[in-house]
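A.B. asks: First, the structure itself, so that you have it in front of you.
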Amino acid sequence: MPDLTQDDPTVALLATAVRDALDRLGLPAEDPALERPKDPDHGDWASTVALRAAKAAGRPPRELAASLAAELETLPEVAAVEVAGPGFVNFRLSHVAQAALVHRILDEGPDYGRRPAGSRDHVNVEFVSANPTGPLHLGSGRWAATGDAIAALLEAAGHRVTREYYLNDVGEQVRRFGASIVRVDRGLPLGEDDYHGDYVPGLAAELRAQHGGALLDGELDDIADAVGAAAVERMRERIEGQLAGLGVHFDVWTHEGRLHDEGAIEATIAQLTAGGHTDERDGALFLVTTAFGDDKDRVLVRSDGRPTYFAADCAYMRDKRARADHCIYLLGADHHGYVARLKAAAACLGIDPDTVEIRIGQLVNLLRDGQAVRLSKRAGEMITLDEALDEVGADVARYHFLRQNLDTTIDLDLAVVTARSMDNPVYYVQYAHARVASVLRQADERGFDPGRPEDADLSLLTHPAERVLLRAMSSLPHVVADAAEARATQRLTRYAEELAGTFHRFYAECRVLDDDPDADEATRAAMAASSRARYWLVTAAKQVLANALGILRVSAPDRM
């Protein structure tokens, strides 16, 4: 569990107060273990410390909890300390803590919910990494959005993050890709193992226009590799454009060819051999991954002397791990077998396997009114990412990709996800932000003067809907830390929806700009004071909504 005291000064204060109370009572130190009660009626924070300290104290847990409550109830940040159940200590925060929260959000602005940048270790997140022999499909878009959001969560949690795409740009697949383009360019029939997508003729035409006969004329076997390399680079550019359409940008594009050219593969094989982790069989060189839990040993060098893709994978891991403290691989649904072999390869390389993390993403089914959408017009055998984005837009696609656990298949129904209604979760959250913006515009149009935040009487925020909104706003730092640690983007989308719902209910129950020209002077003064407090409350709520959506890389519109 993340340390909540790093994310919330009030929690840190409560934790210190509990430790001091234990000391004053002559009891051994215990972790305060503060947590949110599921039911807001039970308070803002709760501790199980009395249950855990009771045995050492030789006292019933509930009696000990009462003693702790008596020691803690004088804190100005606490309105009440209550004993509940078998010995829980529940805290209700005072208006002092609530005011501090609003001021903190307004002071920190876009940084609220984030830990200091670079305060934790360096994480490399490699994701998508689809073969550059065709455009990205819809499933790749899910992995792109999720990998990008996991990286953003890790950054918000204080890590330095590198987003990386690994290009398999050498080998037989690239040669076949080049041969396919040459055949299309010459009007020759394609073989069963060639690339048949509708994008191939367009790519052939582009290469002919760019390079002419210098690239495409000659014996097919002599030019297939060069044509394949040129085609891969053109396809890489298209993939980069597709990803940009989803709002995803990579810090590093690593080419497998670089590992070959720089001798990284040979150096890695030499290290593995020197470490006693290889075994030669029938002229081939194996890495003995079964020694570290893999189901079979893996070939590093074929009997004809050519290194395998797995050898390149080992070199790539060695290269990445030299650049980062922790490496996350986000792989497609067909890569379950890679988990054990990559972990074993790490152990063979002397890398702590716990610093190599593999996440598997499931597929996306595109539907319209419950029916499967036709195949792609351009690619023939798949729905391309850009086609899907043309239908739904980047915000909708990203948000719905991120709402589900990565290991579950998504059915993305166009009729549902594009509906501009409060039943659509992405619009529900965005509309909450737009609604706050509308309130603030109305204040400007009326000439309302909110004054400075520090001059507003935030102790007036006593309505139950206000307190629930404040509690929800205070949770963002904890949700971000928890979601980052679990690599669980759906926890942040769920929080955004709960915060939006809390705001919508507050808006229905509490009038922000309250005025009655017929009221007496004292009543109007009270209304103005309440309006100022609520103005800064909703301004802070707008910031929290924007910050949550910002980490998800979904826009926070001011108008809808």
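The values are calculated or read from the model by the stated rules, or taken from the named source; none is laboratory data. Predicted model, so just to flag it, every value in this text is computed and none were measured. Neighbour counts are summed over all protein chains in view; Cβ atoms, including those assigned to glycine, are modelled from backbone coordinates with ideal geometry. Surface areas here come from the heavy atoms of the whole protein model, side chains and all, with no ligands, DNA or RNA. Shrake-Rupley method; radii C 1.70, N 1.55, O 1.52, S 1.80 Å.
A.B. asks: Might you report the magnitude of the Cβ-based charge dipole of the range 333-426 about its Cα centre, with Lys and Arg at +1 and Asp and Glu at -1, to the nearest 20 debye?
C.D. replies: 120
A.B. asks: With runs of 4+ DSSP H residues as the only contributors, calculate the mean residue ellipticity of the chain at 222 nm using -39,500 (n - 2.57) per run, divided by the residue total and rounded to the nearest 500.
C.D. replies: Calculated from helices alone, the mean residue ellipticity at 222 nm is -16500 deg cm²/dmol.
A.B. asks: Evaluate the distance, in nm, between pseudo-label points positioned 7 Å from the Cα of Ala244 and of Glu192 along their respective Cα→Cβ axes.
C.D. replies: 4.1
A.B. asks: Run the paramagnetic zone check for Glu445: 7 angstrom along Cα to Cβ, then residues of the range 475-512 with backbone nitrogen under 18 Å.
C.D. replies: So the set is 511-512.
A.B. asks: Right, another one. Enumerate by residue number the trypsin sites (Lys or Arg not before Pro) in the range 256-300 meeting two conditions: DSSP loop (anything except H, G, I, E, B), and at most 16 other Cβ atoms within 10 Å of the site's Cβ.
C.D. replies: Answer by residue number: Lys296.
A.B. asks: Hand me the GluC sites (Glu not before Pro) from the range 360-456 located in a DSSP loop with no more than 15 other Cβ atoms within 10 Å, in residue order please.
C.D. replies: The qualifying sites are Glu381.
A.B. asks: To test your reading of the geometry: what angle, between 0 and 90 degrees and rounded to tens, separates the Cα axis of helix 464-474 from the longest principal axis of the chain?
C.D. replies: It is inclined by approximately 40 degrees.
A.B. asks: On C-alpha positions alone, give me the angle between the axis of helix 425-446 and the longest principal axis of the chain, in degrees, nearest 10.
C.D. replies: 50
A.B. asks: At R0 = 45 Å, how high is the FRET efficiency between Asp423 and Glu454 if r is their beta carbon distance? Nearest 0.05 is fine. Don't skip to the end; give the middle numbers.
C.D. replies: Working: r = 40 Å, r/R0 = 0.89.
That pair, Asp423 with Glu454, gives E of 0.65.
A.B. asks: How high is the relative contact order of the range 212-345, in percent, with contacts defined as C-alpha pairs under 8 Å that are six or more residues apart? Write down the numbers at each step before the final one.
C.D. replies: Numbers: 107 pairs, mean separation 22.9, N = 134.
Result for the range 212-345 is 17 percent.
A.B. asks: Here's something else I'd like to know. Any chance you could get the radius of gyration and Dmax over the Cα atoms of the range 7-136, in Å?
C.D. replies: Reported Rg and Dmax, both Å: 20.4, 70.
A.B. asks: On C-alpha positions alone, give me the angle between the axis of helix 95-108 and the longest principal axis of the chain, in degrees, nearest 10.
C.D. replies: Result, in degrees: 40.
A.B. asks: Set the Förster radius R0 to 30 Å, insert the Cβ-Cβ distance between Ala486 and Asp282 as r into 1/(1 + (r/R0)^6), and round the FRET efficiency to 0.05.
C.D. replies: Here the calculated transfer efficiency is 0.10.
A.B. asks: Which whole-number percent is the relative contact order of the range 1-103 (Cα, under 8 Å, 6+ apart)?
C.D. replies: 22
A.B. asks: Per residue, how much accessible area does the range 1-88 show when a 1.4 Å probe rolls over the protein heavy atoms, in square angstrom?
C.D. replies: Ligands and nucleic acids excluded, the result is 51 Å² per residue.
A.B. asks: Can I ask one more? Which order do the peptides 479-486, 9-16, 190-197 come out in when sorted by mean C-beta neighbours inside 10 angstrom, highest first?
C.D. replies: Put in order of decreasing packing, that is 479-486, 9-16, 190-197.
A.B. asks: With unit charges on the beta carbons (Lys and Arg positive, Asp and Glu negative) and the dipole taken about the Cα centre of the range 455-528, which residue among Ser459, Pro477, Val512 sits farthest to the positive side?
C.D. replies: Pro477
A.B. asks: How big is the dipole moment of the chain about its Cα centre under a simple scheme where the beta carbon of each Lys and Arg is +1, that of each Asp and Glu is -1, and everything else is neutral? Debye, nearest 20, please.
C.D. replies: The calculated dipole for the chain is roughly 600 debye.
A.B. asks: Identify which of the listed values of volume of the Cα convex hull per residue in Å³ was calculated from the structure shown: (1) 187; (2) 198; (3) 168.
C.D. replies: Evaluating volume of the Cα convex hull per residue in Å³ on these atoms matches (2).
A.B. asks: Determine the dipole magnitude for the range 1-105: charges of +1 sit on the beta-carbon of Lys and Arg, -1 on that of Asp and Glu, nothing else is charged, the reference point is the Cα centre, and the result goes in debye to the nearest 20.
C.D. replies: Using Cβ point charges on Lys, Arg, Asp and Glu, the range 1-105 gives about 220 debye.
A.B. asks: Counting pairs of alpha carbon atoms under 8 Å apart in space and at least six apart in sequence, what relative contact order in percent does the chain give?
C.D. replies: 15 percent.
A.B. asks: A further question follows. Between Ser119 and Thr523, what FRET efficiency comes out of the Förster formula 1/(1 + (r/R0)^6) with R0 = 45 Å and r the beta carbon distance, rounded to 0.05?
C.D. replies: Efficiency for this residue pair is about 0.35.
A.B. asks: Once amide H atoms are built 1.01 Å from N in the peptide plane, which residues 5 or more positions from His137, or in another chain, come under 5 Å H to H?
C.D. replies: Leu385
A.B. asks: Which of Ala311, Ile328, Ile269 sits farthest toward the positive end of the charge dipole of the range 229-352, with +1 on the Cβ of Lys and Arg and -1 on the Cβ of Asp and Glu?
C.D. replies: Result: Ile328.
A.B. asks: Follow-up. Kindly provide the GluC sites (Glu not before Pro) of the range 1-95 that DSSP labels as loop, not H, G, I, E or B, and whose Cβ sees at most 13 other Cβ atoms within 10 Å.
C.D. replies: Taking the range 1-95 and a limit of 13 other Cβ atoms within 10 Å, the loop GluC sites (Glu not before Pro) found are Glu73.
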